[in-house]
Amino acid sequence: MATVLSTSIDVCFNPQYSDTKKHSLFLKPSSLRQSRTRKLNISCSSTKQPKTLEEEPITKTPSLSEQLKPLSATTLRQEEQTHNVLSKPKSVWVNPTRPKRSVLSLQRQKRSAYSYNPQIKDLRAFAQKLNSSGFAEKSEFLALLDEIPHPPDRDNALLVLNSLREWQKTHMFFDWVKAKNLFPMETIFYNVAMKSLRFGRQFQLIEEMALEMVKDGVELDNITYSTIITCAKRCNLYDKAIEWFERMYKTGLMPDEVTYSAILDVYSKSGKVEEVLSLYERAVATGWKPDAIAFSVLGKMFGEAGDYDGIRYVLQEMKSMDVKPNVVVYNTLLEAMGRAGKPGLARSLFNEMLEAGLTPNEKTLTALVKIYGKARWAKDALQLWEEMKAKKWPMDFILYNTLLNMCADIGLEEEAERLFDDMKESGGCKPDSFSYTAMLNIYGSGGKAEKAMKLFEEMLGAGVQVNVMGCTCLVQCLGKAKRIDDLVSVFETSIQRGVKPDDRLCGCLLSVMALCESSEDAGKVMGCLERANPKLVTFVKLIVDEKTEFETVKEEFKLVINGTQVEARRPFCNCLIDICRGKKQQERAHELLYLGTLFGLYPGLHNKTVKEWSLDVRSLSVGAAETALEEWMRTLANIVRRQEDLPELFLAQTGTGTHRFSQGLANSFASHLEQLAAPFKPSDRAGVFVATKEDLVSWLESKFPPLVASQA
């Protein structure tokens, strides 16, 4: 007797947990959408003759997949068809008042059927002749065009036009064909000519051709608009790019991925963040799928603004659209992470890049080293360098020099020497001028004058060009070591090698003058400064003369500062104050500090709150800081004399240098406080000195008599 056996299997699938490797950077509230669990009920029945236990052979139990295999062609297919029929179709919004936009396919121009043309060989040889020919005037080139081996019909003219390399020749050949008027000029001719002009950044000619197309009724297609917009972007004519994009949009043409990426970059470089996001959302709504280049533009825009939330948004969008970042996108996002000050997230992103199977290039590694150096992550940077060597990742001059500069900023002398030696041994990355400058900076900061001079001689022997930064580092090092003769020799050699002194080098010479103990050494340094900046030497002679009136100093100081670069103005003033203090002209030093404050060179020098007043001398030299302290004490003495209100706490901030070789202002400032017997004591915070109101007022009464009763 037959028995009916039925089987029922429930299969559940939850797509939300199908991918377990989701990076933490991509988690966002949008990823917590409620997912639907689909349940399929599969049943079958069969008729079999029952068997006794003795008759049943011992066989292997089939797996579940083997049991379901006969059903895959029937039951599941029927279930899928039923599900598709019952599911709600995706809605599409239609505007009845406007026609549907024309979306151009990837094949944006019709191609004629292939047919062998025996004239191609002759025409290509003729185009090669045009490319290799040189001509002084337009008439010579036009005369050469008359030698074309075959009549310039549509196909022949297009082949020659597309084979020309120089934009000038392309433009003249295009005009020559148009003047022949042998056939109507189609869009493809204009597009080929425009692309050649784009390489030459000839936007004006491209725009004239586009307007000519509009006038003659020639259709502008997607390639035409894309070429116009990208050329305007390359020429930094962002307004023109936006103008032609809006014109394209009004015609009903749908921009392609190239045009969208280009115009997004234009809006980004114009600083129009809201327009970028609006355009991006509008493009996605029309069915455009952004590529890696578009996301690179968005990442760069948010990175330059330091917008970390924007960077996360880019990462989430790429994940949701299943766009896998390439090396260029990762480079852009790493640079963005650096600007946003997120070294930890940059490291995570780099590890994700490696897990994706991508190999970093020189730009990737350079961006990561800069991030580590800025965050002072020396250990991570050196581990990265070891990993570079072990995995033989590509390294270029920029990457090597970035590593050397990082070592110079942090003060890693031994590591820099090993890196420099490795650079010498490498075949393709010999040390250049910037490499030697970084090493000179390291030796100069560490006071290693002998090593610095030896490296300078090696640099000259290798024929490496000396730059002004390297000269400045070496002059500063020799000045601190009191090796004035070597300093003069280095300066003379650098000038002979073509170095042009800048304000930073002049400021360095000023600081060395302030350190000179003998008038003879000061005269040698002043001779170098005379060649670099004669007006500055004249002003130095003016301020050391006790007979010079304050008004004269004020006017000349204004002229000198106005003729100096902004970043060098405060160092100039600091050095001038140091020179005056070295000449025992304390009052002149106070006058210069007053003038520096008057002209805005020392913003934030004094800070006041209800509970405390502070003096911030972190941007001052030793002499300028001592002068500022003395001036502050004079001001406080006058306040006490007038019996005005004072806070309970007074602070003096010198800061602590993060550089390993930083001389630090704190030690010199503390010594000066001891000489004055001032009641400022070091606090728990490094580089901060504290005094109470009671102690300070008592000291002021004894230091600046006669004072009225204090307000303690």
Principal axis extents for segment 242-395, Cα atoms only, whole Å, descending order, please.
57, 27, 25
From the alpha carbon gyration tensor of segment 365-492, can you work out the equivalent ellipsoid semi-axes (sqrt of 5 times each eigenvalue) and give them in Å, largest to smallest?
27, 16, 11
Would you calculate the convex hull of the Cα atoms in segment 218-303 and tell me its volume per residue in Å³?
87 Å³
May I ask for the equivalent-ellipsoid semi-axes of segment 282-332, computed as the square root of five times each C-alpha gyration tensor eigenvalue and listed largest first in whole Å?
17, 13, 10
Which FRET efficiency value, to the nearest 0.05, is calculated for residue 201 and residue 502 with the Förster distance at 30 angstrom and r the Cβ-Cβ distance?
0.40
Starting from the 7 Å offset along Cα-to-Cβ, what nm value, one decimal, do you get for the label separation of residue 354 and residue 389?
1.7 nm
Residue by residue, what Karplus-based ³J(HN,Hα) values in Hz, rounded to whole numbers, does segment 183-200 have, using 6.51, -1.76 and 1.60 with θ = phi - 60° and x for Gly and Pro?
7, x, 6, 9, 4, 5, 5, 4, 5, 5, 5, 5, 5, 5, 5, 5, 4, x
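Rounded to a whole number of µm²/s, how large is the Stokes-Einstein D of segment 557-669 at 20 °C and 1.002 mPa s, given Rh as the Kirkwood radius over C-alpha pairs? Can you show the working numbers first?
Values: Rh = 15.2 Å.
It comes out at roughly 141 µm²/s.
Rule-based calculations on the coordinates, nothing more; no lab input. What you see is a predicted model; the values in this text were computed from it and never measured. Neighbour counts are summed over all protein chains in view; Cβ atoms, including those assigned to glycine, are modelled from backbone coordinates with ideal geometry.
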